[in-house]
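Notes follow once the structure below has been shown.
The values are calculated or read from the model by the stated rules, or taken from the named source; none is laboratory data. In this text, all values refer to a predicted model and were calculated from it rather than measured experimentally. FYI the Cβ positions are ideal-geometry reconstructions off the backbone, even for glycines, and counts take in every protein chain you see.
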Amino acid sequence: MTLPLDDLRSAVGAEHVLVDADLTRSYESDWTGRFSGRAGCVVRPSSTAEVSEVLRICDAAGVPVVVQGGNTGLVGGGIPAGGEVLLSLTRLDSLGEVDVAAAQVSAGAGVTLSSLQAAARAAGLDFGVDLAARDSATVGGLVATNAGGIRVLRYGSMRAQLLGAEAVLADGSVVSRMAGLAKDGTGYDLVSLLCGSEGTLGVVTAVRLRLVPRVTARCVALLALSSTQAAVDLLPGLRDRLPSLAGAELVFADGIALVRKHSGLPAPFDEEHPAYLLLECADRVDPTDALVEAVSSAEGLLDARVASDAAGQRALWAYREQHTEAINAEGVPVKLDVSVPLRSLPSLVAALPETVRAVAPDARLVVFGHVHEGNLHVNVLDAGPLDEEVTDAVLRLVASLSGSISSEHGVGRAKVEWLGLSRSATEIAAMRAIKDALDPRGTLNPGVLLP
Ligand code: 2HG
Ligand code: ZN
């Protein structure tokens, strides 16, 4: 495969076409160290017009393209398999002025989540999606994976924030729907379709986003509970009694021990407990009394800590947010991001240790997640060469509980083989037909999402 390097240099400027291994390296492996591959070159366009030109060149030359944002993905979706043009969107970082009246903003694909949040907050509003990788994760990647995170309970996933997008199709043609119409039922919703398509249908270069009211009075509680079932049982009552509930996260003793090992944090309670539920309420008026009242009578409650001040809240959140880093500090994990119907979450948690042990006796399991969505992050360390067997066993267990093999991280390269566990042959054929219609030469992200 000959790369059209001269054409790419004319399209974006020679200094933004990287071929030197020293310069391309940071784009060629993921954060966990699990996925890596050499790119033919890295191209860094700075506008939709340049992205369009790059795709037109690559599509005509039959050169595949891998799309990358902040490279915080966890399923290998933005990492080359070998030889592709890697299209890095980080220079598309323009952020429009916040439209306070409409509560909307336009953002380039390369804007980081934390910059977007800061701009929204400076205008007296906020953005509805939040997650631990906020400082590096970009808007384009959040859209490509339909990212969820820690506020889905309150505001929904990325798709729910999306009012419009500008995107470049494989042949370089541009679709632009950026007017921010809150109601627009005119035919197929291409913007929604692009969201979660993991760069396989088009390259999203900018988006129009919904903003949410800013709430600054917060209260965080960490509840020690007797079981996952106790956490699941508490949730409907908490949701009902606490309209300010903004997050509900599930962690376990082994995960907290790992976080403490790598962070030096003190133990949250005098004793270890079977399960922990981290709750956050956010409102205009201090939600502490309401939260304390709602949890104090909770069934199965073994202990609790409540923080009304920002430092105390950060300290409690650290037990949850530092899981990913602590796990990675132990080795390269197999990461399986799955969800099941909420009523099946306790069964999934209970069945996982034996399911993993049966195929990889020496592996270590660390599990945590977003309880309201039945979304569990199954991390397996020390699986060695048995990573495929572990993946297969866990994803089959999830499918047997009517769950999804890909909850919020995407399918990427990691789970392509198992797509059929969560999507029927008819659904996969429909997805394939859409892919073939929009990207007939298979230029965009080959090997990602679809087999
Ligand atoms: C989170 O919820 C992220 O913190 C990462 O989705 C999950 O590291 C993971 O497995
Ligand atoms: Zn998550």
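For (1) within 23 Å of Ser88 (Cβ to Cβ); (2) within 20 Å of the chain's Cα centre (by Cα); (3) within 16 Å of ligand 2 (Cβ to nearest atom), each residue gets a yes or a no:
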position: Arg134; (1), (2), (3): yes, yes, yes
position: Thr138; (1), (2), (3): yes, yes, no
position: Arg151; (1), (2), (3): no, yes, yes
position: Ser157; (1), (2), (3): no, yes, yes
position: Gln161; (1), (2), (3): no, yes, no
position: Ala165; (1), (2), (3): yes, yes, no
position: Ser173; (1), (2), (3): yes, no, no
position: Thr186; (1), (2), (3): no, no, no
position: Val191; (1), (2), (3): yes, yes, no
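Among residues of region 405-428 that are closer than 13 Å to Leu395 by Cα, those with a beta-carbon under 9 Å from a residue that is at pLDDT below 95 at least six positions away or on a different chain give the pairs Val416/Pro451; Glu417/Pro451; Leu419/Pro451; Gly420/Pro451.
Only one of the listed residues (Gly403, Gly410) is on the phi > 0 side of the Ramachandran plot and within 16 Å of ligand 2 (Cβ to nearest atom). That residue is Gly410.
Residues checked against (1) over 18 Å from Leu438 (Cβ atoms); (2) assigned to a loop (DSSP other than H, G, I, E, B); (3) in contact with a helix residue (DSSP H, G or I) (Cβ under 7 Å, 6 or more places away or on another chain):
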| residue | (1), (2), (3) |
| --- | --- |
| Asn146 | no, yes, yes |
| Gly149 | yes, yes, no |
| Ala160 | yes, no, no |
| Ala165 | no, no, yes |
| Leu181 | yes, yes, no |
| Gly185 | yes, yes, no |
| Val191 | no, no, no |
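With respect to Val175, is the statement that it is in contact with an Asp or Glu (Cβ under 8 Å, 6 or more places away or on another chain) and not in a loop (DSSP other than H, G, I, E, B) true? Yes, satisfied.
Pairs are defined by a Cβ separation below 9 Å, a sequence spacing of at least 6 or placement on different chains, a first member in region 157-184 that is within 22 Å of Val67 (Cβ to Cβ), and a second member that is among the aromatic types (Phe, Trp, Tyr); the pairs so defined are Gln161/Phe127; Gln161/Tyr155.
Listed here are the residues, each with its yes/no results for (1) closer than 26 Å to Ala363 by Cα; (2) assigned to a loop (DSSP other than H, G, I, E, B); (3) in contact with a helix residue (DSSP H, G or I) (Cβ under 9 Å, 6 or more places away or on another chain).
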{"residue": "Asp254", "(1), (2), (3)": "yes, no, no"}
{"residue": "His262", "(1), (2), (3)": "yes, no, yes"}
{"residue": "Asp270", "(1), (2), (3)": "no, yes, no"}
{"residue": "Ala282", "(1), (2), (3)": "no, no, yes"}
{"residue": "Ala290", "(1), (2), (3)": "no, no, yes"}
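Given the condition assigned to a helix (DSSP H, G or I) and farther than 25 Å from Leu87 by Cα, answer yes or no: does some residue in region 432-451 qualify? No, every residue in region 432-451 fails to be assigned to a helix (DSSP H, G or I) and farther than 25 Å from Leu87 by Cα.
Inside region 229-253, residues that are under 23 Å from the mean Cα position of the chain (by Cα) and more than 22 Å from Leu131 (Cα to Cα) make up a count of 0.
Remark: Val306 falls outside the filter, which requires a residue to be over 25 Å from the mean Cα position of the chain (by Cα), assigned to a helix (DSSP H, G or I), away from ligand 1 (no atom under 16 Å from the Cβ) and not polar (S, T, N, Q).
Would you confirm whether any residue within region 316-329 is farther than 20 Å from Leu376 by Cα, surrounded by 15 or more Cβ atoms within 10 Å (Cβ to Cβ) and in contact (Cβ under 8 Å) with a residue 40 or more places away in the chain? No: zero hits.
Here the condition is being touching a residue at least 60 places away in the same chain (Cβ under 8 Å) and more than 12 Å from ligand 1 (Cβ to nearest atom); of Val338, Val359, Val295, it holds for Val295 alone.
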